[in-house]
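One structure is given here, and the rest of the page talks about it.
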Amino acid sequence: MDFSAPCGTPVRAIGDGVVAEVDGPHGSPPHNVVVDHAGNLSSLYGHLRVRSSLRVGQRVTRGQVIGQSGDSQGTCVSAPHLHLELRDRSHQRFFNPLPFIAADWNSLALAGSFGRGYEYDLTQPRRWQTPDSQPAALRGGPLLNEYRQPWPPAAGGRGEARRPGRPDAGNGTRRHPSVPRGPERRVLPRRGVDAGFPRAAVPGRPPARGSTGIYQVAATGGAVTRRFSSVAFFSPALKWAVRPGSGEATTLERLSDGRRFTLPTSGANVTWTAAETRLAYARSDTSGNYDRRVTRMFVADAFGAPRQVATLPGGSIHGWVNDSTLLLSGKPSASARDRDLFTLNTRTGARRTLRTALGFRSVTISPDGRQVAYTVAFDSAARNGLWVQGTASGAPSELIRIPFVSPTIRNFTGLSAPRPEPVFLLLASARIERALQPIQSESV
């Protein structure tokens, strides 16, 4: 499990034990510590900032500081986090750390999601889709997510999600004979699918062995019906079905008449305008330092050809402000520390910088496109916090100072001048609920 944290955050042992390795062969660079515990368990703490002062054979107690968190890219601004693993002492079996640690995991999962998720196996689409349901893994064992019907399909030829009942087409999706069907296979993360914890149960559910598809049921219960007979990424207004292929091509189908066209997205997410007549997508380099990888942004009209509108190191598309203007973020150069959050008119090229900071999370545009809410974390005290800002004019307005937690914003509807009662839904941990009361928020 990866825990996002600023470089230098104290790392504490999760239980009593004996230090087995300091910068040993089983860890994650640049520095790491392995602690052996009772019950044939070992905990590994990776990507530490500096070499730990602990010695092999030294006893540690639960909660004792054993190091400082660092960055897997070695920069302290690219991907600062702690890498935690729970293994057996032979380092052959790997266990999900979540059930072993008494924490408020549901609240922690809401703190600044990075948008990563789990690949689906369409033969069992609800299995292993949450962090608390991950099975154990075995070193040297069979490939863990070589599914017969993967969704979304991996760009570059890992296989295309096949319709239920379709015979194996020999296109790379066949399960190797040695791959078991039992619980030893683990889901590996993929982008584009929700990886949050289960939400409140809704009365009714699709039949366990029913046809694969997209189902719907009223929030109050009732009959379960199949809305769509095939799996796809659907546009917000349900006008389009987006189906990535196994290579660069993605097929987009207009649901009203079945008309289709393709774009070379390489499986990237597609962002639609409110009218769903235009779209945008980004393609990033797949190697190199995370926040220095060059990202190329493209726009296209429905049934039109794509046109590149921006090239940014560490770039992201956050959405459309209106039918011609995108909200983007990225670094001015690969060596720059900070990112700019800015609007870009895709027709004229006009650009307006809204904010500069180390990074932006939970960027959410109001439905009318006039305002944007976002959080800044792991930056200076003056920059960290939850902010709202006009997309056309005005300086950022701080709603709340958040020293560490980066909240997830959902359903941001905008603020009414002069900001008497901010109206948005903020999913936050219990530790900041009291601080949110003065600004009329609702904590879920």
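Here Trp151 meets the list (1) modelled with pLDDT of 80 or more; (2) closer than 23 Å to His37 by Cβ; (3) of a type in the set (A, V, I, L, M, F, W, C) almost entirely, failing just condition (2). Taken residue by residue, the range 230-247 has no member that is at positive phi, at pLDDT below 95, touching a Pro at 6+ places or on another chain (Cβ under 9 Å) and not in a strand (DSSP E or B). Among the numbered conditions (1) within 24 Å of the chain's Cα centre (by Cα); (2) hydrophobic (A, V, I, L, M, F, W, C); (3) at pLDDT 90 or above, the only one that Ala79 does not meet is (3). Out of Leu312, Leu358, Leu327, one residue alone is among the hydrophobic types (A, V, I, L, M, F, W, C) and farther than 21 Å from Gly385 by Cα. It is Leu312. Residues of the range 6-58 that are farther than 16 Å from Glu85 by Cα, more than 29 Å from the chain's Cα centre (by Cα) and buried (at least 17 other Cβ atoms within 10 Å of the Cβ): Ser52, Leu54.
The requirement of being over 26 Å from Thr9 (Cα atoms), in a strand (DSSP E or B), at pLDDT 90 or above and not acidic (Asp, Glu) is fulfilled nowhere in the range 374-383; no residue meets it.
Every condition in (1) of a type outside the set (Phe, Trp, Tyr); (2) surrounded by fewer than 16 Cβ atoms within 10 Å (Cβ to Cβ); (3) at pLDDT below 95; (4) in contact with a strand residue (DSSP E or B) (Cβ under 9 Å, 6 or more places away or on another chain) is met by Arg259 except one, and the failing one is (3). If the condition is being more than 25 Å from Pro150 (Cβ to Cβ) and either part of a strand (DSSP E or B) or among the basic types (Lys, Arg) (or both), then the range 248-282 contributes Arg254, Arg259, Arg278, Ala280.
Residues that are at pLDDT below 95 and not in a strand (DSSP E or B) do occur in the range 312-326, at least one of them. Only one of the listed residues (Arg259, Arg307, Arg292) is under 21 Å from the mean Cα position of the chain (by Cα) and basic (Lys, Arg). That residue is Arg292. Looking for something loosely packed, with under 14 Cβ neighbours inside 10 Å and over 17 Å from the mean Cα position of the chain (by Cα) - is there at least one such residue anywhere in the range 126-137? Looking through the range 126-137, at least one residue is loosely packed, with under 14 Cβ neighbours inside 10 Å and over 17 Å from the mean Cα position of the chain (by Cα).
Screening the range 258-302 for residues that are of a type in the set (Lys, Arg) and touching a residue at least 40 places away in the same chain (Cβ under 8 Å) and picking the one that is nearest to Pro313 (Cα to Cα) gives Arg292. Take the conditions (1) surrounded by 18 or more Cβ atoms within 10 Å (Cβ to Cβ); (2) within 23 Å of the chain's Cα centre (by Cα); (3) of a type in the set (A, V, I, L, M); Ala300 misses just one of them, which is (2).
The values are calculated or read from the model by the stated rules, or taken from the named source; none is laboratory data. Keep in mind that this is a model prediction, so the values were computed, not measured. Positions of Cβ are backbone-derived with ideal geometry, glycine not excepted, and every protein chain shown enters the neighbour counts.
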